[in-house]
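**Student:** Here's a structure for you.
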Amino acid sequence: MANPDAALRWQDRIEAVLVPAFALVVSLVIFGAFMAVLGKNPLDVYLFIYKGGFGSSFALRDALARAAPLILCALCVALPANAGLMIIGGEGALVLGGLAAAMAGHGLVLAPALVAQAAMLAIGMIVGGAWIMLAGALRQWRGVNETISSLLLTYIALALFNQLVEGLLRDPESLNKPSTPPVGDAHMLHAFGTLELHPGLAFGIMFALIAFILMRYTTIGFALRVVGGNPRAALLAGLSTTPLILFACGMGGAAAGLAGAIEVAAVHGSANASLNAGYGYTGILVSFLARHNALAIVPVAVLMGGISASGGMLQRRMDLPDATVLVLQGVVFLAVLASESLYGRFGKLWRGVRRAPSVAVNEATA
C-alpha cells in the first residue's frame, strides 16, 4: 500500500508548481487583453519583454542585477511568513541598511578594503534586522498587526532616510542629487564572472540556501513552522513564541538590510535616492509567487528581474510607458492572491479520480 503521507507531500509539491504557473498564465492572458485594448499586439509585447530581459548578454546581466536585491527582499517576506507573520516592510529595512553601510564605509576609509566591506555588510544587516524586529515586537507585546506596522515603519524609514541624506549626512559636493559621502572605489564590491555579474547575486543565493536549510533541516526552523501553522499548539508544546517571532523578523530584516548595503557597496558608492527603487515592494510579489520557499525565490526573482529590465525596450520599441511592466507585475500579484483558493483542490480531484475505478469495481462485485 502506498504511503498516504508521501502521496500528500507529492501533491503539495505538485500544487506548489502548478498553481503559481497557472496564475502566471492567467495574468499573461489578462495583460495581453489589456495590451490589445491599447492597440498593441500582445505577442509583440511578450517578445520584447523576453528580449529586454533575457535576449542578450547585456539584458541578462541587467536582469540578474535586479534579481540580486529582489532575492534578499523576498526573503524579508518569506522568513517571517514561515512563522505566520506577513511583513511587507522590506523597503524600509533596505534603505536604512544602505544608509548605515554607506556611513560605515566612509568612516572606515583608511581601513583595509576587506575590513571595510565586511563592516558595511554587517552593519547593514544589523540595522535592517533591528528595524523589522520592531514590527515583530509591536505584534508580540502590543498586539499591533505586523502588516500594518511594517508598512508604516517603511514610511518612517523613508522619511528618516531622506531627512538624513538631504540634511545632516549630506555630502557638500553632491549638488543636484543629495548623497552621503562616498565610500571610495577601494571599498567597492566588484562584479564577477564573464558576464560581470552583480556581486549581490552570490550573496542572495547563499542567503537563500542558508534560509532553506534553516527552515527545513533545523529544530529552529521546525519550531518556526509550528508557530506559523498553529500558535496555540506551539504554546501547548512549550515553545517560546516571542523569541522565535523576533528571530524570524530579524533574519528577514537582515536580508533586506544586506540588499541595501550591497547596493551601496556594489552600485551607488553612497546612499542616495536611488536606493528607493521599489525592490522591497517587488520582493513581496516574488515571495508570494515562490510560496515563501527560500530556494524557489531565486528563479522567481530572476524572472521578475527580467520583466523589470524590459521596461526600457517596451518604451523604445512599442511606444509604451516604462511603467508598463509595473502593470504586469500588479496583474501577476492579483492572480497569485486569487490562486490561493486553488491549493488543496488538486489533491481532492486526484483522490476522486483514483477512487472512481475502485468504487466501480466494488459496485460490480456487489
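**Student:** For region 118-149 and region 186-254, compute the distance between their C-alpha centroids and round to whole Å.
**Tutor:** 14 Å
**Student:** Right, next: Tell me, what HN-Hα J-couplings in whole Hz come from the Karplus equation 6.51 cos²θ - 1.76 cosθ + 1.60 at θ = phi - 60° for each residue of region 286-295, using x for Gly and Pro?
**Tutor:** 4, 5, 5, 5, 8, 6, 6, 8, 4, 6
**Student:** Using modelled backbone amide H atoms (1.01 Å from N, in-plane), which distant-in-sequence or interchain residues come within less than 5 Å of Ser179's amide H?
**Tutor:** Counting only residues 5 or more places away or on other chains, the set is Asp171, Ser174.
**Student:** Here's a follow-up. At a 10 angstrom cut-off on C-beta neighbours, averaged per residue, how do the peptides 298-306, 68-76 rank from highest to lowest?
**Tutor:** 68-76, 298-306
**Student:** Let me ask something additional. Highest first, please rank the peptides 102-111, 238-247, 257-266 by the mean number of other Cβ atoms sitting within 10 Å of their residues.
**Tutor:** 257-266, 102-111, 238-247
**Student:** Convex hull over the alpha-carbon atoms of region 58-182: what's its volume per residue in Å³?
**Tutor:** On the way: hull volume 18.2 nm³, N = 125.
Measuring per residue, one finds 145 Å³ for the Cα hull of region 58-182.
**Student:** Another question about this same structure. Starting from the Cα coordinates of region 93-145, work out the convex hull volume and express it per residue in Å³.
**Tutor:** Details: hull volume 3.3 nm³, N = 53.
Cα convex hull per residue, to the nearest whole number: 62 Å³.
**Student:** Additional query: How long is the gain from Ala21 to Ser57 if the chain were fully straight, where each residue apart is worth 0.36 nm and the alpha carbon distance is subtracted?
**Tutor:** Taking Ala21 through Ser57 to full extension adds about 10.4 nm, to one decimal.
**Student:** For the chain, what is the mean residue ellipticity at 222 nm derived from helices alone (per DSSP H run of n ≥ 4: -39500 (n - 2.57); sum divided by total residues; nearest 500 deg cm²/dmol)?
**Tutor:** The helix contribution divided over the chain gives -25000 deg cm²/dmol.
**Student:** Continuing with this model, one more query. Each residue of region 145-158 in order: what ³J(HN,Hα) in whole Hz does its phi give by Karplus 6.51 cos²θ - 1.76 cosθ + 1.60, θ = phi - 60°, with x for Gly and Pro?
**Tutor:** 4, 5, 5, 5, 5, 5, 5, 5, 5, 5, 4, 5, 5, 5
**Student:** Order of 124-131, 138-145, 51-58 by packing, highest average Cβ count within 10 Å first?
**Tutor:** Per-residue mean Cβ counts within 10 Å order the peptides as 124-131, 51-58, 138-145.
**Student:** When averaged across all projection directions, what area in nm² does the alpha-carbon convex hull of region 70-306 cover?
**Tutor:** 13.2 nm²
**Student:** Around Leu197, which amide H atoms from residues at least 5 apart in sequence, or from another chain, sit under 5 Å from its own amide H, with H modelled in the peptide plane?
**Tutor:** Distant-sequence amide H within range of Leu197: Phe192.
**Student:** Given contacts defined as C-alpha pairs under 8 Å and at least six residues apart, what's the relative contact order of region 16-125, whole-number percent?
**Tutor:** Relative contact order, region 16-125: 13 percent.
**Student:** While we're here: Once region 129-220 is represented by equal point scatterers at the alpha-carbon sites, with solvent omitted, what log10 I(q)/I(0) does the Debye formula produce at q = 0.14, 0.22 Å⁻¹?
**Tutor:** Here log10 of I(q) over I(0) equals -0.93, -1.06.
**Student:** Let me ask you something else. What residues have an amide H closer than 5 Å to that of Leu189, excluding those fewer than 5 places away on the same chain, when H is modeled at 1.01 Å from N in the peptide plane?
**Tutor:** Residues meeting the amide H criterion: Ala266.
**Student:** Any chance you could give the angle, 0 to 90 degrees and rounded to 10, that helix 57-82 forms with the longest Cα principal axis of the chain?
**Tutor:** 70 degrees
**Student:** Suppose R0 equals 51 Å. What FRET efficiency, 1/(1 + (r/R0)^6) with r the Cβ-Cβ distance, do Asn162 and Ala36 give to the nearest 0.05?
**Tutor:** Working from the Cβ atoms, E equals 0.80.
Every number here is computed from the coordinates shown, using simple stated rules; none is lab data. Keep in mind the model is a prediction, meaning the values are calculated, not measured. As a convention, Cβ positions derive from the backbone with ideal geometry for all residues, glycine included, and neighbour counts pool all protein chains shown.
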